[in-house]
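For reference, the structure is listed below as structure tokens.
The values are calculated or read from the model by the stated rules, or taken from the named source; none is laboratory data. All of these numbers come straight from a predicted model, not from anything done at the bench. Note that we place each Cβ from the backbone using ideal geometry, even for glycine, and neighbour counts take in every protein chain shown.
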């Protein structure tokens, strides 16, 4: 195997475990809390999950007596976008499974959920697993975005599991993937399949969290990776002193990634989607606020700065949100229109769209640059929605700001020179070598997932809490997936989904940004986090995110 010196060192790293798991699967004791309810729409969720709703939260602790562990075969799926640490979830699951009973087998379904439907798999061995420990990416078995939600898919999955004598399936994914895990778990129980389903919380977006899931894996590594890049750009900006850098950062809906990166690097301007929506800020409002800061810095001789833009911002701007909703419905109809499909010139498509949009949206659509209009008309995502990652919001802002500053200059309200650079940080963070935190956390999640299987749990998400403490003090257990669900409209129908956790504007993390915004805007308080540290004192290499620290401080303070 051709590997780098760092990968060689990382392969030797031994992830830390919570104390109860470190003693081994067969020395665990399970305690159950009270019955649970979904976060919203309790009756609807209960009716859809008659067999798996209302289960208690599970916590593990060390037992003094060794227990026998029956032979169990497990299948594992990587679902959705990549996140650092996925390989360690599988490694932890594999080690726990073999430690409990050496006869146990772990199968990896290839290419995501389609692997369990089509029966494409590999059986893991020590040698194969050892090549991927503590490494980034999902290339160990590949990932995919096929949804597990139809009767036919469930029946095919059951047939494959029966063929391999699989007792449980672990789905490593985000909110949609784990919603599908809950649906599969319910179907298996309803059809007496005797196959368990356990999920693991993955997404760099950080929007899969609640009281029981303190953080989704990959968020720590991704935000540290982006923050290093932003720090590098800030150093360059402070050296050249002639560019405004507009940096769009991945985060489909919530702005957690942008907010965390801002707290780590302290840029001049940080936009938060949830704040824009709450304050009902228009595009014009946003541009006006940004131009005011740019003009004030120019008066102080600073024709440079850093702007952080969350990927999903455009959907939170009221007039853009209304336009996008209108477009989603309109384009669904036009997909069946052969005349529209045959149009070759994009200008012709613009004319058709303008003629069919609701009146209040026509002016907004026509005011947008052709580039942005084209991106709004691209193929929809699996939910039928605009793919916001393809919309170059940072370039839209640059163009509008450039126009506004030219007007301000004519009126004597701007004395500077505006030169811009745009960046989008997305894929750069999804497959980075996991930080020590993510390496430990992910390994613990996988190990803990098998503990849940060993105790007969199904429809649960692997949960490891108390994460700002040393790993030995982490608390392992499980949370029912139905507890996190509500009903939302998808493709025109109400569907059960895990509720996304958006940035709380009254929370300690946003307040930290709010308290420092004015200072950071005018004064260059740039921080340069540097590369992720894997070796050194724990205070450096095991450091958790600012977000997690602030949120846990508030919880511990009882606020």
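Only one residue in 534, 526 is modelled with pLDDT of 95 or more, within 23 Å of residue 15 (Cβ to Cβ) and not in a helix (DSSP H, G or I), so which one is that?
On the way: 526 fails: within 23 Å of residue 15 (Cβ to Cβ).
Unique residue meeting the criteria: 534.
Quick one: in segment 296-340, which of the residues that are assigned to a helix (DSSP H, G or I) and free of Cβ contacts under 8 Å to residues at least 24 places away in the same chain is nearest to residue 517 (Cα to Cα)? Spell out the reasoning first.
First, pick out the residues of segment 296-340 that are assigned to a helix (DSSP H, G or I): 296-299, 313-316, 318-334, 338-340.
Next, from what is left, pick out any that are free of Cβ contacts under 8 Å to residues at least 24 places away in the same chain: 325, 329, 333-334, 338-340.
Working: 325: 32, 329: 38, 333: 44, 334: 44, 338: 51, 339: 51, 340: 47 Å.
Top of the filtered list is 325.
Examine segment 26-45 for a residue that is surrounded by 15 or more Cβ atoms within 10 Å (Cβ to Cβ) and free of Cβ contacts under 8 Å to residues at least 24 places away in the same chain, and state whether such a residue exists.
yes
With respect to residue 472, determine if the residue is closer than 14 Å to residue 14 by Cα and not assigned by TED's automatic domain parsing to the domain that holds residue 224. Give the steps one after another, and end with the answer.
Working: closer than 14 Å to residue 14 by Cα: yes; not assigned by TED's automatic domain parsing to the domain that holds residue 224: yes.
In short, yes.
Does residue 107 fit the bill of being within 21 Å of residue 454 (Cα to Cα) and buried (at least 24 other Cβ atoms within 10 Å of the Cβ)?
In short, no.
For residues that are touching a strand residue (DSSP E or B) at 6+ places or on another chain (Cβ under 7 Å) and without any contact (Cβ under 8 Å) to a residue 24 or more places away in the chain, tally how many sit in segment 233-269.
Matching residues across segment 233-269 total 0.
Looking at segment 537-548, which of its residues are at pLDDT below 95 and touching a helix residue (DSSP H, G or I) at 6+ places or on another chain (Cβ under 9 Å)? Step through it out loud before you land on a result.
Taking segment 537-548 and keeping what is at pLDDT below 95, we get 537-544.
The answer is 538, 541, 542, 543, 544.
How many residues, within segment 47-77, are outside any strand (DSSP E or B), touching a residue at least 60 places away in the same chain (Cβ under 8 Å) and within 21 Å of residue 479 (Cα to Cα)? Spell out how you get there, then give the answer.
Going through segment 47-77, the residues outside any strand (DSSP E or B) turn out to be 47-57, 63-72.
The next check asks that each one be touching a residue at least 60 places away in the same chain (Cβ under 8 Å); those that pass are 48-57, 69, 72.
Next, only the ones that are within 21 Å of residue 479 (Cα to Cα) stay: 48-57.
Counting residues in segment 47-77 that are outside any strand (DSSP E or B), touching a residue at least 60 places away in the same chain (Cβ under 8 Å) and within 21 Å of residue 479 (Cα to Cα) gives 10.
Could you tell me how many of the residues in segment 270-295 are within 30 Å of residue 216 (Cβ to Cβ), touching a residue at least 60 places away in the same chain (Cβ under 8 Å) and crowded, with 22+ Cβ neighbours inside 10 Å? Spell out the reasoning first.
Taking segment 270-295 as the starting set, the residues that turn out to be within 30 Å of residue 216 (Cβ to Cβ) are 270-281, 286.
Those left that are additionally touching a residue at least 60 places away in the same chain (Cβ under 8 Å): 270, 272-275, 278, 286.
Keeping just the survivors that are crowded, with 22+ Cβ neighbours inside 10 Å gives 270, 272-273.
Result for segment 270-295: 3.
Need the failing condition index for residue 331 against (1) closer than 27 Å to residue 418 by Cα; (2) under 33 Å from the mean Cα position of the chain (by Cα), just the number.
Every listed condition holds for residue 331 apart from (1).
Of all residues in segment 191-207, which are under 25 Å from residue 451 (Cβ atoms) and surrounded by fewer than 24 Cβ atoms within 10 Å (Cβ to Cβ)?
Listed by number, the residues that qualify are 192, 193, 194, 195.
Sort out which residues of segment 416-427 are surrounded by fewer than 16 Cβ atoms within 10 Å (Cβ to Cβ) and under 21 Å from residue 139 (Cβ atoms), and write them in order of number.
Within segment 416-427, 427 is the sole residue that qualifies.
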